[in-house]
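Accompanying notes for the structure given below.
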Amino acid sequence: MKRASIRLRAPRPGDMGWVVQSHGALYAAEFGYDARFEALVAAIIAKFMREFDPRFERCWIAQRGARNVGSVFLVRQSRSVAKLRLLLVTPEVRGLGLGRRLVNACLRFARARGYRKVILWTQSELDAARHIYQRAGFRRVRTTRHASFGKPLVGEYWELALN
């Protein structure tokens, strides 16, 4: 399936539930994360929906045909800093550049809104996502060991200064 057949759009009713469910199921199957990860995603989504400011924040849903196949969020951290959250690409469309497209949509929006920096938090075992972030120009600035989501992990904090 060609990259052009996947469109990025604003969320519609039901999409936020899809984001929570998809993260929970995918991360359990692929990385062994427990229900606490899905709870974290649900909390992030609830906060986004409660406090959403369309002037400075966005969510993109990737859709192929009638199916959702990806998502990403950009939220306001401060006047000058935005945070990239909840990047997800479903297995059937991996390798088509969708993760890069989603991250680039965030970065274009962040620049247009005058943010000076974009930050994110990920885990050291998420190699594909880390590769996308690195290719986009993000740099890892710090790591922390933690025991979350049912297993020991190394959290990584990344940032990208915007021109």
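The values are calculated or read from the model by the stated rules, or taken from the named source; none is laboratory data. Everything quoted here is computed from the prediction, not taken from an experiment. Here the Cβ positions follow ideal geometry from the backbone for every residue, glycine too, while neighbour counts run over all protein chains shown.
Starting from the range 122-147, take each residue that is touching a residue at least 12 places away in the same chain (Cβ under 8 Å) and list its partners that are assigned to a loop (DSSP other than H, G, I, E, B) and loosely packed, with under 12 Cβ neighbours inside 10 Å, counting only C-beta distances under 6 angstrom and pairs at least six apart or across chains.
Close Cβ pairs (under 6 Å, with a partner that is assigned to a loop (DSSP other than H, G, I, E, B) and loosely packed, with under 12 Cβ neighbours inside 10 Å) do not exist here.
Tally the residues that are over 15 Å from the mean Cα position of the chain (by Cα) and crowded, with 17+ Cβ neighbours inside 10 Å, restricting the search to the range 64-76.
Here is the first cut: in the range 64-76, the ones over 15 Å from the mean Cα position of the chain (by Cα) are 64-67.
With crowded, with 17+ Cβ neighbours inside 10 Å added as a condition, the list becomes 64.
Result for the range 64-76: 1.
For the range 90-148, which residues satisfy the criterion of being of a type in the set (Ser, Thr, Tyr), farther than 21 Å from residue 26 by Cβ and in a strand (DSSP E or B)?
First, the residues of the range 90-148 that are of a type in the set (Ser, Thr, Tyr): 90, 115, 122, 124, 133, 143-144, 148.
Remaining after also requiring farther than 21 Å from residue 26 by Cβ: 115, 143-144.
Residues satisfying the conditions are 143, 144.
Of the numbered conditions (1) more than 26 Å from residue 117 (Cβ to Cβ); (2) loosely packed, with under 15 Cβ neighbours inside 10 Å; (3) of a type outside the set (Gly, Ala, Ser), residue 6 fails exactly one; give the number of that condition.
Here residue 6 meets the rest and fails (2).
If a residue has to be hydrophobic (A, V, I, L, M, F, W, C) and under 15 Å from the mean Cα position of the chain (by Cα) to count, how many in the range 148-159 make the cut? Give the steps one after another, and end with the answer.
Filtering the range 148-159 down to residues hydrophobic (A, V, I, L, M, F, W, C) leaves 149, 153-154, 158.
Filter again for under 15 Å from the mean Cα position of the chain (by Cα), leaving 158.
Residues meeting the conditions: 1.
Scan the range 43-59 and tell me whether some residue there is in contact (Cβ under 8 Å) with a residue 60 or more places away in the chain and either β-branched (Val, Ile, Thr) or assigned to a loop (DSSP other than H, G, I, E, B) (or both).
Of the residues in the range 43-59, the ones in contact (Cβ under 8 Å) with a residue 60 or more places away in the chain are none.
No, because not a single residue in the range 43-59 is in contact (Cβ under 8 Å) with a residue 60 or more places away in the chain and either β-branched (Val, Ile, Thr) or assigned to a loop (DSSP other than H, G, I, E, B) (or both).
Residue under question is residue 122, and the condition is that it be on the phi < 0 side of the Ramachandran plot, of a type in the set (Val, Ile, Thr), at pLDDT 95 or above and touching a Ser or Thr at 6+ places or on another chain (Cβ under 8 Å); does it hold?
Details: on the phi < 0 side of the Ramachandran plot: yes; of a type in the set (Val, Ile, Thr): yes; at pLDDT 95 or above: yes; touching a Ser or Thr at 6+ places or on another chain (Cβ under 8 Å): no.
No; evaluated as a whole, the condition is false for this residue.
Mind checking whether some residue in the range 24-32 is crowded, with 18+ Cβ neighbours inside 10 Å, under 16 Å from residue 72 (Cβ atoms) and touching a residue at least 24 places away in the same chain (Cβ under 8 Å)? Lay out the reasoning, then the answer.
Applying the first criterion (crowded, with 18+ Cβ neighbours inside 10 Å) to the range 24-32 yields 24, 27.
With under 16 Å from residue 72 (Cβ atoms) added as a condition, the list becomes 27.
Next cut, touching a residue at least 24 places away in the same chain (Cβ under 8 Å) only: 27.
Yes: one or more hits.
Listed residues 109, 149, 138; which is within 14 Å of residue 8 (Cβ to Cβ) and either modelled with pLDDT under 95 or among the aromatic types (Phe, Trp, Tyr) (or both)?
Details: 149 fails: within 14 Å of residue 8 (Cβ to Cβ); 138 fails: within 14 Å of residue 8 (Cβ to Cβ).
Sole residue among the options that is within 14 Å of residue 8 (Cβ to Cβ) and either modelled with pLDDT under 95 or among the aromatic types (Phe, Trp, Tyr) (or both): 109.
Considering 139, 94, 101, which residue is surrounded by fewer than 21 Cβ atoms within 10 Å (Cβ to Cβ), under 23 Å from residue 38 (Cα atoms) and over 11 Å from the mean Cα position of the chain (by Cα)?
Working: 139 fails: under 23 Å from residue 38 (Cα atoms); 101 fails: under 23 Å from residue 38 (Cα atoms).
Exactly one residue qualifies, and that residue is 94.
Look at residue 140 and say whether it is of a type in the set (Lys, Arg) and more than 22 Å from residue 57 (Cα to Cα).
yes
Within the range 1-32, how many residues turn out to be part of a loop (DSSP other than H, G, I, E, B), of a type outside the set (Gly, Ala, Ser), more than 13 Å from residue 71 (Cβ to Cβ) and modelled with pLDDT of 95 or more? Let's see the steps before the verdict.
Just the residues of the range 1-32 that are part of a loop (DSSP other than H, G, I, E, B), to begin with: 1-2, 10-14, 32.
Among the residues that remain, those that are also of a type outside the set (Gly, Ala, Ser) are: 1-2, 11-13.
Then drop every residue that is not more than 13 Å from residue 71 (Cβ to Cβ), which leaves 1-2, 13.
Retained after the next criterion (residues that are modelled with pLDDT of 95 or more): 13.
Count: 1.
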